[in-house]
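Taking it in order: structure first as structure tokens, then the write-up.
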């Protein structure tokens with residue numbers, strides 16, 4: 001017991017003082033535990049307990065990481081905004097559940113398990129567990145959030161299943177948006193990186209004198225990542241390298257070697273192996289990309305319009321002191 005008390009004093013997690021402070025903050029903000037007030041979404045109830053628990057979880061995280069944010073009027077505003085955010089999320093989730101039932105779509109436990117495992121694989125199990133613990137979220141709560149995310153995806157597929165792109169639409173889109181499908185100038189370059197200007201000048205002279213560039217890179221370059229591969233940097237697009245390096249590199253012709261180039265990381269000798277000049281491919285070459293891009297845009301517009309209709313037609317009842325449901329934005333705003 002003594003050890004636990006000491007831990008609580010050090011971290012401030014779950015201590016009576018913290019809980020009392022949050023309760024007082026809620027009371028001043030005018031919400032508290034909502035006094036049994038009811039959330040209703042198209043006649044379906046949302047648990048006050050779910051709302052209060054999620055708000056408390058988020059406030060506890062702020063209390064732990066940035067306690068000064070909860071002080072005074074600033075804290076009252078932040079608490080009220082947190083409550084509105086949580087209410088918005090719960091209402092939207094309930095709206096999507098209702099629409100899923102109406103349209104006959106669902107997310108299975110197997111779907112959720114697959115996404116959970118995919119998240120674990122991408123982040124690493126230990127890292128994910130640490131993040132959930134830091135946020136005060138159980139695995140079941142996390143899965144519930146993944147389910148809500150998947151449900152929106154499934155609804156999107158259902159709502160947009162009849163969206164198509166005709167040949168005329170695709171061609172017209174290509175003609176008015178050629179910039180989306182154009183290719184910028186790119187160079188395939190190699191370099192030799194050196195610490196001193198004198199050594200760089202020596203290497204540049206030898207390269208221009210006919211010595212093999214790759215051999216010089218292997219012998220002299222300080223860039224461990226490329227020296228073993230003849231200094232090869234691969235294909236480079238403008239805007240991805242040091243400006244001083246790019247200015248010279250993109251001015252070189254294919255097969256040409258530069259003089260010494262001073263950049264932020266040292267002195268470079270650059271050789272352009274190949275160039276691909278900027279060009280706009282003909283429609284026939286990018287027909288699939290054009291169609292896919294336009295289809296994605298049309299689906300996004302279709303789903304956005306559908307969401308606006310759902311939000312606008314929703315019958316939402318929330319505590320007056322929490323705010324009001326904005327039919328256009330689909331969110332709880334200050335009343």
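The values are calculated or read from the model by the stated rules, or taken from the named source; none is laboratory data. Nothing here was measured: the structure is a model prediction, and the numbers come from that model. Cβ: placed from backbone, ideal geometry, glycine included. Neighbour counts: every protein chain shown.
Residues that are assigned to a loop (DSSP other than H, G, I, E, B) and touching a residue at least 40 places away in the same chain (Cβ under 8 Å) were ranked within segment 263-288; the one that is nearest to residue 187 (Cα to Cα) is 277.
Test each condition in (1) surrounded by 12 or more Cβ atoms within 10 Å (Cβ to Cβ); (2) touching a helix residue (DSSP H, G or I) at 6+ places or on another chain (Cβ under 8 Å); (3) more than 30 Å from residue 271 (Cβ to Cβ) for residue 138 and report the one that comes out false. Status for residue 138: all satisfied but (1).
Within the set 86, 107, the sole residue that is under 24 Å from the mean Cα position of the chain (by Cα), in contact (Cβ under 8 Å) with a residue 24 or more places away in the chain, within 22 Å of residue 157 (Cα to Cα) and buried (at least 18 other Cβ atoms within 10 Å of the Cβ) turns out to be 107.
Please find, among 328, 240, 291, the residue that is buried (at least 18 other Cβ atoms within 10 Å of the Cβ) and in contact with a helix residue (DSSP H, G or I) (Cβ under 9 Å, 6 or more places away or on another chain). From the options 328, 240, 291, the qualifying one is 291.
Take segment 207-219 and flag every residue that is surrounded by fewer than 19 Cβ atoms within 10 Å (Cβ to Cβ) and either assigned to a loop (DSSP other than H, G, I, E, B) or touching a helix residue (DSSP H, G or I) at 6+ places or on another chain (Cβ under 7 Å) (or both). Answer for segment 207-219, where residues must be surrounded by fewer than 19 Cβ atoms within 10 Å (Cβ to Cβ) and either assigned to a loop (DSSP other than H, G, I, E, B) or touching a helix residue (DSSP H, G or I) at 6+ places or on another chain (Cβ under 7 Å) (or both): 209, 210, 211, 212, 218. The residues listed here are 3, 88; of these, the one that is assigned to a helix (DSSP H, G or I), out of contact with any helix residue (DSSP H, G or I) (no Cβ under 6 Å at 6 or more places or on another chain) and modelled with pLDDT under 90 is 3.
Filter segment 305-325 for residues that are buried (at least 17 other Cβ atoms within 10 Å of the Cβ) and not in a helix (DSSP H, G or I) and give the result. Listed by number, the residues that qualify are 314, 316, 318, 319, 322, 323, 325.
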